[in-house]
Amino acid sequence: MPKQIAVSGIQASGNIHIGNYIGAIKQFIELQEKYKLYAFIADLHAITVPQDPQKLREQTISVAALFLACGLDPEKTTLFIQSHIPAHVELGWILNTLTPIGELERMAQFKEKSDKQGVLAGLLNYPTLMAADILLYKPDAVPVGEDQTQHVELARTLARKFNTRFGETFKEPKALIQKEGARIMGLDDPTKKMSKSASSANNYISMLDSAEEIRRKVKIAVTDSGSEIKYDPQNKPGISNLLVLMSQMSDTPVKTLEEKYANKSYGEFKTEAGKLLAEKLTPIQKRYNELIKNPKEILEIMERGSKDAEKIASQTLKDVKQKIGLI
Ligand code: AQP
């Protein structure tokens, strides 16, 4: 039986954080064994907010190096850069013509980001491009963090709409969301998700933060009133977030960690948490530092993946164009 297909991307917008890793990349590593996985760097999504061109190039290669350093294997997974495959934009445009503006304006991410920096058309249309990213590969599953659920739902709606109007073409994929770790919270505000666009770098642990920086950020992370080390996201969002981070990075159940730190103070617990997170990221960073010395090789890997992805994407697009009446 052919393998099921999964597809997902990460924006090339810098500062890939431990939330992106736990919510998405870690899932990719597991899925690449069972699924035919397409994992891409979403550079076209990154430019929905202003980017410095030189930095964007560097960030794209940096995310690619991180993919490899985290364990994505180009022999198993098709790794590519979104903008290398024009079919993404073409299908994105076609899907725009099926999407009422109201649906895009209702998206939580759009509302949040348009508040921050004024409304750009690209930001509004982000979800239709994301629907194209997904639907081109006819996947069964889309591994994402919880914040992307609404966008995957739109992709499903558009697939259904297209199929009803033009005949069976797309699959309706399901979002694969981790039971735990699907929404890592900000260290400086554990009531909101960890985010690379946060105003303070103390909000997130970047995958490339030094061990010292990680320990410092965890030490100053906002905690809660009381003194018990207990998983209780309602009343203890800060401590619960640190427990989830430790649990996810050490593959240890939260319950076990609660027992281990039952008699420790917040201070002791945070010192241990910072130490563990730094230790777990060190080997990834070592591999990253080796890989990034050779950006040309990284780009070549991505270009090989693009060739592979292009075959499927252009086939789907050809079918779509024919069905909607483009000559
Ligand atoms: N805090 C998070 N916890 C768990 N998963 C998360 N993801 C993002 N934040 C968290 C997941 O990471 C994948 C890649 O995300 P993206 O590059 O598309 O960026 P994003 O979802 O817009 O969130 P970021 O990284 O924090 O960026 P900004 O600040 O720009 O919003 C996705 O699967 C996402 O769900």
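Equivalent ellipsoid of the range 201-289: semi-axes from √(5λ) of the C-alpha gyration tensor, largest first, are 23, 14, 11 Å.
Each of VAL320, GLY71, ASN235 was scored by the projection of its Cα onto the charge dipole of the chain, and the greatest displacement toward the positive side belongs to VAL320; charges sit on the C-beta of Lys, Arg, Asp and Glu.
Compared with the dominant Cα axis of the chain, that is its longest principal axis, helix 237-250 is turned about 70°.
Extension gain for the segment LYS179 to GLU146, taken as residue separation times 0.36 nm less the Cα-Cα distance, is 10.9 nm to one decimal.
By average Cβ neighbour count within 10 Å, what is the ranking of 134-144, 176-186, 43-53 from highest down?
Ranking, from highest mean packing down: 134-144, 176-186, 43-53.
With the simple spin-label model, which puts each label point 7 Å out from Cα in the Cβ direction, the GLN315 to THR97 separation comes to 2.4 nm. Sequentially through the range 34-50, phi angles give Karplus couplings (6.51, -1.76, 1.60; θ = phi - 60°) of 9, 10, 7, 9, 10, 10, 10, 9, 8, 6, 6, 6, 4, 7, 6, 10, x Hz, Gly and Pro residues having no value and appearing as x. Ranked by the mean number of other Cβ atoms within 10 Å per residue, highest first, peptides 15-27, 85-97, 306-318 order as 15-27, 85-97, 306-318. Stretching the chain fully between LYS275 and LYS3 yields a gain of 94.0 nm (0.36 nm per residue, less the alpha carbon separation). Quick one: grab the alpha carbon gyration tensor of the range 105-259, order the square roots of its eigenvalues as a ≥ b ≥ c, and give me rounded if a/c is under 1.5, else prolate or oblate depending on whether a/b is larger than b/c. Prolate shape, in that a/c is at least 1.5 and a/b is the bigger ratio. For the peptides 72-81, 211-220, the ranking by packing is 72-81, 211-220, with the highest mean count of neighbouring Cβ atoms within 10 Å listed first. The C-alpha atoms of the chain define a longest principal axis, and helix 295-324 lies at about 50 degrees to it.
Compactness of the chain is given as radius of gyration and Dmax, 20.3, 71 Å, from Cα positions. Summing +1 for each Lys or Arg and -1 for each Asp or Glu among the other residues whose beta-carbon sits under 9 angstrom from that of ILE5 gives +3. When DSSP beta bridges are restricted to pairs lying wholly in the chain, around 10% turn out antiparallel.
How much length is gained if the chain between ALA211 and THR157 is pulled fully straight, taking 0.36 nm per residue apart and subtracting their Cα-Cα distance, in nm to one decimal?
Additional length available on full extension: 15.1 nm.
The modelled label-to-label distance for the pair THR252/LYS286, using points 7 Å beyond Cα in the direction of Cβ, is 2.1 nm.
Helix 53-70 and the longest principal axis of the C-alpha atoms of the chain enclose an angle of approximately 70°. Between ALA201 and LYS111, the modelled labels are 3.2 nm apart [label points 7 Å from Cα along Cα→Cβ].
In this structure, the amide hydrogen of HIS17, modeled 1.01 Å from its nitrogen in the peptide plane, lies closer than 5 angstrom to those of MET207, counting only residues at least 5 positions away or on a different chain. When the label point is put 7 Å from the Cα of LYS55 along its Cα-to-beta-carbon vector, which residues of the range 203-222 have a backbone N closer than 18 Å? What the label zone holds, given the 18 Å backbone N cut-off, is 203-209.
A short reminder: the numbers here are calculations on the coordinates, not readings from a lab. In this text the structure is predicted, and so the values were computed from the model without any measurement. Note that we place each Cβ from the backbone using ideal geometry, even for glycine, and neighbour counts take in every protein chain shown.
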